[in-house]
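The values are calculated or read from the model by the stated rules, or taken from the named source; none is laboratory data. Computed from a predicted model, the values in this text were never measured in an experiment. Neighbour counts run over all protein chains shown; Cβ positions are idealised from the backbone, glycine included.
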Amino acid sequence: MARYSAFRILTEGLRGNSGWQPAWRKAAPKPSYDVIVVGGGGHGLATAFYLASVHGITNVAVVERGLVGQGNTGRNTTIVRSNYLLPENNHFYEHSLKLWEGLEQSLNYNVMMSQRGVINLFHNDAQRNAALRRGNSMRLNGIDAELLDREGVRAMCPIVDLDNGRYPVMGGLLQRRGGTARHDAVAWGFAHAADARGVDIIEHCEVTGMIVEGGAIRGVRTNRGEIRAPKVGLAVAGSTSTLTAMAGFDVPIETHLLQAFVSEALKPLIDCVVTFGAGHFYVSQSDKGGLVFGGGLDGYPSYGQRGTLPTAEHVYAAGVSMIPALGRLRGLRSWAGVMDMTPDGSAYICKTPVQGLYMTAGWCYGGFKATPGSGWCHAWTIAKDAPHRLNAAHTLDRFREGRMLDERGNGPFFWAQ
Amino acid sequence: MLMIPCPHCGARDEVEFTYRGDATVVRPAADAGIEAFHDYLYLRRNPRGWQVEWWQHNGGCRAFLKVLRHTVTHEVRGVVTATEALEVPPA
Amino acid sequence: MTQRHRLATGGHVDRAQRLGFSFDGRRHEGHAGDTLASALLANGVRLVGRSFKYHRPRGIFSAGVEEPNALVELRSGARREPNTRATVAELFEGLAATSQNRRGSLAFDWMAVNGLLAPWLGAGFYYKTFMWPASFWERVYEPAVRKAAGLGRASGLPDPDHYEAAHAHCDVLVVGAGVAGLAAALAAGSAGARVMLLEQDFLLGGDLLNDPAQEAWRSTTIAALAAMPGVTIMPRTMAFGFYDGRVIGAVEQVADHLPEPPPHAPRQRYWTIRAQEVVLATGAHERLIAFPGNDRPGVMLAGAARTYARRYAVRAGETAVLFATHDAAYDAALALAEAGTRIAAIIDPRSDSAAMQRAREAGFTVRAGSVVTGTVGGTVLRGVEIGALGSGSRGDALPADLLMISGGWNPAVHLASMAGTPLRWDDALRAFLPGDSAWQRSAGACRGVHGIGAAAQDGAAEGRAAARAAGFAAAAAAVPLPEGPAADHRPFELWEVQARGKAFVDLQDDVTADDIRLAHREGFIHIEHAKRYTTHAMGTDQGKVGGLVGAAVLAAARGEPVATVGMPRYRPYAAPVAWGAMAGGEVGKHFQPVRRTSLHGEHDRLGAVWMDAGLWKRPAYYPKATDADAWASVKREAHAVRERVGVCDVSTLGKIAVEGPDAATFLDRVYANTFSTLAIGRARYGLMLREDGIVFDDGTTTRLGPDRFFVTTTTAQAGPVMQHLEFHLASAWPHLDVSLASVTDHWAAMSIAGPKARDVVAAVVQGIDVANEAFPFMAVADCTAAGVPARLFRISFSGELAYEIAMPAGYATHVWQAVLAAGAPHGIEPYGVEALGLLRIEKGHVAGAELNGQTTAHDLGLGRMLKKKGDFIGRVLAQRPGLTDPSRPHLVGLRSVDPNRQIRAGSHLLVDGQDQGWISSATQSVVDPGWIGLGMLRDGAARIGREIVAANPLMGEEVPVKVVTPHGYDAENLRVRA
């Protein structure tokens, strides 16, 4: 597969772009592989890419029941950041952010990583203190963070209403290296790069059963036949429970809905990512010009991929409360993704009770920014049959041990994380 | 949007209710040990299909109700009070 | 000359009402009944916009909600609305619109240079480029891309209008008031059903408005519906989404047709409508044909040209060509000819048809077997190139300033699809139609039933069926229905004319047929992938006119039928909705309600500075003119408590009445400590855990009788604790005979604290001997206070001798005033939340900052409170190794080594450079002046006495602090027991 280069772009343009090849092959399943990754979203494709590029394991299949990148990878709000409190999380996300920073070059694909800055607004002393504690945790762990006063917020995002809302803005915690990336391109870029290293990406291949013998994984059954492998990694946000049930165990996950929205395209209006502290709302502007925004969970378990009006109303109301200039703009489209919610809001990248079966799961609504880091750590865990130190804490067993990674102290309530 | 027939108040819109978890898990006996409480608090069947759930009618009678609901279609098929049982239909 | 393209007669415009408006600063005139688009066309304005990527000149393409091109910035200043479709914007006097997405003027947009770069700006070009050198994407390329992208400009100013939300229920909801919708509403209404009829247009009738012969039925039917008491007609109301349970979301444009909303009226109203039955009569959108230059101003959908002629009495061109693939489109030629347009030719790929013959008989030039291969002109159309079907080359040019095109009709299945209705391909209409659905009924053109008569029959049948399904079984009298000529909408299969030049499938986003083929070549062969790769059908029109055409081009590339390729999933919204409307009225100051205690007015009178505590407003402190700053006020109040007496409104604390024979048993299970042993008339500090063993909340609980307890919670957790108790009573212990009632709002409470508290209380309270022996620490009793019934608690949060008086909320002001009067001789001062915080930090009491959902009882030094025996929530899981790990951070007291150096909550505690904890609360001490705090520190107890560092790199601070016991103030509790 030819690489994308300036020369190639130029010559193809001159001959009617007739020479471009598929960004990845439409592979058919072979009977066996060294590793099968279930799930052709960003996390699964990244796992395959890092298995091949870091660990030299290229006899890998990515099986996807539908299309590459059509799950949560293709239905999120594209935010990338590493502004976490707990060291276990901020180290992991910082590693992920560093991978993001070099992703275009690693993948030979422009994922449009845009470090526009992410601001979390705060509105009272308690929120400010929590922001200080989190920001200081970042700084002490070598991650960029800045405290903005009201003038600082005004300078970064002048259309935020600092004064007139129910809860006036007191300031914000800024991570300048945070930002957005083009979500579809992330899936396509990883697919393109994994494929180039020999990985088989098999779309329309749905796993219908897990082959477990003597407590160890031996492969998967699919609608396209049995595929065997001594190692299987799951990267199937929203469907993790379904697949682990096939392998014979339950996991601490509840699947919930999260809506997202995009406005009509506009000339540049909001230059950073900004989150409201007084309600569930965050917004950024895409390169195309649409305001991409969202809020909190719809509040009950669902695999339905469609949202409800009351949650949408809250998101829009919080939006206008934060930025009154939004009132006359228009929402264009809304959609919903299904989230693997965990009891502490943090993810799993780990081994499972079945030997040879691994998973990256439980990303709640923060999976997009984790994409490269999740794939990198998942690949490591699969290749070495042991976690990397970056994901050593992200186990299923942490609840047995009482070592929760609860960033916000919300407690063991899946829907509150 | 769900319409939940509250046994006390009648059919009401979902905005009056709050979901409060899988109602099939049962709090273990006091001496059951960490493993049993772990499973009760953390492990979830998380079905793609029918599930019996706790919902509180906090905008009405405040009762905790058991609601049989489908997690894909969102259809609500049965609602009973906390002490009654609901049967889960197959698939 | 104004309105030189306006016809002298006909149409639904009121020529007596002249409305002045402007476009790009030029003044024009239109009539009531016009849209901005029809008024622009009446004045001969053809060029109205620029496309997204190549900045190609664009004109008015449609006459409705599906418009891809004619987007303008409507109004100015804070009311500017970018991306407003001129085709649905109702004209009003003074309307001002501006073209958008251009640099320079609309006629000379220098960004049009992008068109020359088109070979390198095809589908997905940005994914393969802008990567070299690596640092250039964000610094150079992206800013340029962002500036070029986007359509209109937002005002950036707060929206001056307001919005409201409304809810409605009905038996039958009919969406769309074209002939099918009117007939459906009439049938359902006649059967006695409560009907709501929604129409996005300002006139009802849909296609009926294009036929003077139908005017009688239209007006009679509207009058009949208006006379039915159960029928609500809602014009200017767009149903944007179909949600679970037959809920329709809709937006009513209350005042968009006015210069500004009348006083106290909203601009728009957002409706949530729950219907028993839904009839969708949403009509159909005409689709384009892809051929080179199909985007030039002057190219217009045939049905739109017909609508401008018949409904708006506007001639959209002087010399027109019709390019159509089906008979029904021929009426456009007729309509335009009647309007005085010269029809240069009718171009039809078919060899023959009934309409073709009739057209020839009527004297039209019909070129069968031919297609349009291109257009000529600059910013407006000057000619149409015509060639033989399948020739592949561009043909002769025929002069024309209007090219009417029709590639068939796409039923508007958006709402049906959102309702989960499967779509099925219809090979005759070459369109996707809604299949069977339990949730909605489609009627008329939106399910492929075209023609006035047939659609009317269909609508009436579905309206009747809907009423029956909603329980109105009475056979409705037959309703009068219109007759109309049948028209054949079955198109010849022609999606694209392949010839040299850009043939657009998505006009707004500049997606060409070649882009779709490029996507296919690069492996984006599924419609969802191709859509995302090319941005096809992702503009504000969501591909209503070209979406299917792009799918057909993809199908051809794949060598498969369109039916197999399908359409991308339909998602809300059917058409864009105003943000403000979705937000409704609960925005800004009204985003969340304000809770005020019954003493709010008293605090106001005392000049309190307010702070938010959740929904509550609480006094932060009460400044005096003599206070140098806020800290001076806070310290003055704290001094009063430590040295004399203070009074604080604590009404916001949660209060729960727990009663019943099993109340004590219940409390033993929900609290980590024991309450069954509590004596009547005594209070006890209680600690609640979550089931995971983490501390949930604390407060004092009082036993009022054998079966009666009074639980208090923190302000923040009042709601969650109530729910927690209710949940466990229902789910874990339903056999316990206990009742719970939240009484937070029923009781007001004030704390009277300080060495002189007893004197003040004694002066106010009757019926109790408040002497220390008679009413010791933790005693509780009913009493009267200033003559009203009250309850007295001897509890303390400040570390001083303190009482809490609780009374029915209505008496609070009276008692407060009595307390202040009784305290005056002792120098009483009201104190606010800031002083309260200062006092409790000095005393070492934990609060929300420490009970942050991450700490255990052991962490907080409260481990001894956990009872050793018996079940309680959190007991088992608190024993997990991670929660009993001795290396977990523990509560400590902190004191800044330099009393003048501030320490802050949120700083981390560094021991030998290692991050070992954090500061949870900080304040200034009044007992021993200087900065003090509470924090969580690993190995905390062992480190008491050590000097460590409070690091706050965010603010560039590193402050040496000494670790001290958190309970440094009156550790023996002599003062509270005094």
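Here's the yes/no breakdown for (1) within 30 Å of B:Ala63 (Cβ to Cβ); (2) touching a strand residue (DSSP E or B) at 6+ places or on another chain (Cβ under 7 Å):
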site: C:Pro734; (1), (2): yes, no
site: C:Val738; (1), (2): yes, yes
site: C:Thr744; (1), (2): yes, yes
site: C:Asp759; (1), (2): no, no
site: C:Ala762; (1), (2): no, no
site: C:Val765; (1), (2): no, yes
site: C:Ser798; (1), (2): no, yes
site: C:Val819; (1), (2): no, yes
site: C:Gly837; (1), (2): no, yes
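For the range C:733-754, the criterion of being within 34 Å of the chain's Cα centre (by Cα), surrounded by fewer than 19 Cβ atoms within 10 Å (Cβ to Cβ), closer than 22 Å to C:Cys648 by Cα and away from chain B (no Cβ under 14 Å) is met by at least one residue. Within the range C:151-164, does at least one residue satisfy the condition of being crowded, with 22+ Cβ neighbours inside 10 Å and closer than 22 Å to C:Thr379 by Cα? Checked against the condition, which is being crowded, with 22+ Cβ neighbours inside 10 Å and closer than 22 Å to C:Thr379 by Cα, the range C:151-164 yields at least one hit.
Selection of the range C:592-620 for residues being at positive phi and in contact (Cβ under 8 Å) with a residue 60 or more places away in the chain yields only C:Gly614.
Which of the residues that make up the range A:389-410 are surrounded by fewer than 22 Cβ atoms within 10 Å (Cβ to Cβ), more than 29 Å from A:Phe49 (Cβ to Cβ) and under 22 Å from the mean Cα position of the chain (by Cα)? Answer for the range A:389-410, where residues must be surrounded by fewer than 22 Cβ atoms within 10 Å (Cβ to Cβ), more than 29 Å from A:Phe49 (Cβ to Cβ) and under 22 Å from the mean Cα position of the chain (by Cα): A:Asp406, A:Arg408, A:Gly409, A:Asn410. Within the span defined as the range C:59-79, one or more residues are over 30 Å from C:Tyr141 (Cβ atoms), facing chain A (nearest Cβ under 10 Å) and among the charged types (D, E, K, R).
Criterion first (part of a helix (DSSP H, G or I), over 27 Å from C:Ile694 (Cβ atoms) and more than 9 Å from chain C (Cβ to nearest Cβ)) does B:Val79 satisfy it?
Values: part of a helix (DSSP H, G or I): no; over 27 Å from C:Ile694 (Cβ atoms): yes; more than 9 Å from chain C (Cβ to nearest Cβ): yes.
For B:Val79, the condition - part of a helix (DSSP H, G or I), over 27 Å from C:Ile694 (Cβ atoms) and more than 9 Å from chain C (Cβ to nearest Cβ) - is not met.
For C:Asp295, the requirement of being in contact with a Phe, Trp or Tyr (Cβ under 7 Å, 6 or more places away or on another chain) and surrounded by 24 or more Cβ atoms within 10 Å (Cβ to Cβ) is met. Taking the condition on the phi < 0 side of the Ramachandran plot, assigned to a strand (DSSP E or B), aliphatic (A, V, I, L, M) and touching a residue at least 60 places away in the same chain (Cβ under 8 Å), does A:Met404 pass? No; evaluated as a whole, the condition is false for this residue. Hey, any hits in the range A:307-324 for a residue that's more than 9 Å from chain C (Cβ to nearest Cβ) and surrounded by fewer than 24 Cβ atoms within 10 Å (Cβ to Cβ)? The answer is yes, given that some residue of the range A:307-324 is more than 9 Å from chain C (Cβ to nearest Cβ) and surrounded by fewer than 24 Cβ atoms within 10 Å (Cβ to Cβ).
For C:Asp928, are the conditions met, namely being surrounded by fewer than 23 Cβ atoms within 10 Å (Cβ to Cβ) and on the phi > 0 side of the Ramachandran plot? Outline the logic, then answer.
Values: surrounded by fewer than 23 Cβ atoms within 10 Å (Cβ to Cβ): yes; on the phi > 0 side of the Ramachandran plot: no.
It is false that C:Asp928 is surrounded by fewer than 23 Cβ atoms within 10 Å (Cβ to Cβ) and on the phi > 0 side of the Ramachandran plot.
Looking across the range C:819-834, the residues that are among the aliphatic types (A, V, I, L, M), farther than 25 Å from C:Met611 by Cα and surrounded by fewer than 20 Cβ atoms within 10 Å (Cβ to Cβ) come down to C:Ala821, C:Ala824.
The set of residues from the range A:331-364 being surrounded by fewer than 24 Cβ atoms within 10 Å (Cβ to Cβ), over 20 Å from A:Val37 (Cβ atoms) and of a type in the set (D, E, K, R) comprises just one member, A:Arg333. Is at least one residue of the range C:542-556 modelled with pLDDT of 95 or more and polar (S, T, N, Q)? Among the residues of the range C:542-556, not one is modelled with pLDDT of 95 or more and polar (S, T, N, Q), which makes the answer no.
Residue-wise test of (1) over 19 Å from the mean Cα position of the chain (by Cα); (2) at pLDDT 95 or above.
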site: A:Gly319; (1), (2): yes, yes
site: A:Ala325; (1), (2): yes, yes
site: A:Arg328; (1), (2): yes, yes
site: A:Ser346; (1), (2): no, yes
site: A:Gln355; (1), (2): yes, yes
site: A:Ala361; (1), (2): no, yes
site: A:Ile382; (1), (2): yes, yes
site: A:Pro387; (1), (2): yes, yes
site: A:Gln417; (1), (2): no, no
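Out of the residues in the range C:375-425 that are part of a strand (DSSP E or B) and out of contact with any Gly (no Cβ under 7 Å at 6 or more places or on another chain), which is surrounded by the most Cβ atoms within 10 Å (Cβ to Cβ)? This residue is C:Val384.
Just to check your reading of the model, which residue among C:Ala149, C:Ala112, C:Ala168 is outside the structural domain of C:Val505 (by TED's automatic domain parsing) and more than 30 Å from C:Phe21 (Cβ to Cβ)? I'd like the intermediate steps shown before the answer.
Working: C:Ala149 fails: more than 30 Å from C:Phe21 (Cβ to Cβ); C:Ala112 fails: more than 30 Å from C:Phe21 (Cβ to Cβ).
Only one candidate passes the filter, namely C:Ala168.
Looking across the range B:53-91, the residues that are under 17 Å from C:Leu729 (Cα atoms), surrounded by 16 or more Cβ atoms within 10 Å (Cβ to Cβ) and of a type outside the set (S, T, N, Q) come down to B:Glu53, B:Trp54, B:Trp55, B:His57, B:Arg62, B:Ala63, B:Phe64, B:Leu65, B:Lys66, B:Ala82.
If we only count helices (runs of 4 or more DSSP H) wholly inside the range C:535-606, which ones have 1 or more residues that are surrounded by fewer than 18 Cβ atoms within 10 Å (Cβ to Cβ) and in contact with a strand residue (DSSP E or B) (Cβ under 9 Å, 6 or more places away or on another chain)? Quick ask: steps written out before the conclusion?
Numbers: elements: C:547-558, C:562-565, C:579-583, C:600-605.
Output list reads C:562-565, C:600-605.
Tallying residues that are surrounded by fewer than 14 Cβ atoms within 10 Å (Cβ to Cβ), assigned to a loop (DSSP other than H, G, I, E, B) and more than 10 Å from chain C (Cβ to nearest Cβ) within the range A:1-29 yields 2.
Residue by residue through the range C:858-879, note down the ones that are at the interface with chain A (Cβ under 10 Å from one of its Cβ atoms) and either surrounded by fewer than 22 Cβ atoms within 10 Å (Cβ to Cβ) or out of contact with any Asp or Glu (no Cβ under 9 Å at 6 or more places or on another chain) (or both). Correct list: C:Gln879 only. For the range C:16-60, filtered to residues that are of a type in the set (Gly, Ala, Ser) and at positive phi, the residue that is surrounded by the most Cβ atoms within 10 Å (Cβ to Cβ) is C:Gly33. C:Lys655 fulfils the conditions (1) in a strand (DSSP E or B); (2) out of contact with any Leu (no Cβ under 8 Å at 6 or more places or on another chain); (3) over 28 Å from C:Gly705 (Cα atoms) except for a single criterion, (3).
Here is the figure for the range C:880-918: residues that are on the phi > 0 side of the Ramachandran plot and either in contact with an Asp or Glu (Cβ under 8 Å, 6 or more places away or on another chain) or within 12 Å of chain A (Cβ to nearest Cβ) (or both) total 3.
Any residue at all in the range A:84-99 that's closer than 30 Å to C:Ser155 by Cα, touching a residue at least 40 places away in the same chain (Cβ under 8 Å), surrounded by 24 or more Cβ atoms within 10 Å (Cβ to Cβ) and within 22 Å of the chain's Cα centre (by Cα)? No, the range A:84-99 contains no residue that is closer than 30 Å to C:Ser155 by Cα, touching a residue at least 40 places away in the same chain (Cβ under 8 Å), surrounded by 24 or more Cβ atoms within 10 Å (Cβ to Cβ) and within 22 Å of the chain's Cα centre (by Cα).
State whether the residues of the range C:635-647 include one that is in contact (Cβ under 8 Å) with a residue 12 or more places away in the chain, farther than 18 Å from C:Ala824 by Cα, of a type outside the set (Gly, Ala, Ser) and in contact with a strand residue (DSSP E or B) (Cβ under 6 Å, 6 or more places away or on another chain).
First pass over the range C:635-647, keeping only residues in contact (Cβ under 8 Å) with a residue 12 or more places away in the chain: C:635-647.
Checking the rest, the ones that are also farther than 18 Å from C:Ala824 by Cα come to C:635.
Still in the running and of a type outside the set (Gly, Ala, Ser): C:635.
Narrowing the set further to residues that are in contact with a strand residue (DSSP E or B) (Cβ under 6 Å, 6 or more places away or on another chain) leaves none.
So far as the range C:635-647 goes, no, none of its residues is in contact (Cβ under 8 Å) with a residue 12 or more places away in the chain, farther than 18 Å from C:Ala824 by Cα, of a type outside the set (Gly, Ala, Ser) and in contact with a strand residue (DSSP E or B) (Cβ under 6 Å, 6 or more places away or on another chain).
Scanning the range C:214-228 turns up no residue that is at pLDDT below 95 and surrounded by fewer than 21 Cβ atoms within 10 Å (Cβ to Cβ).
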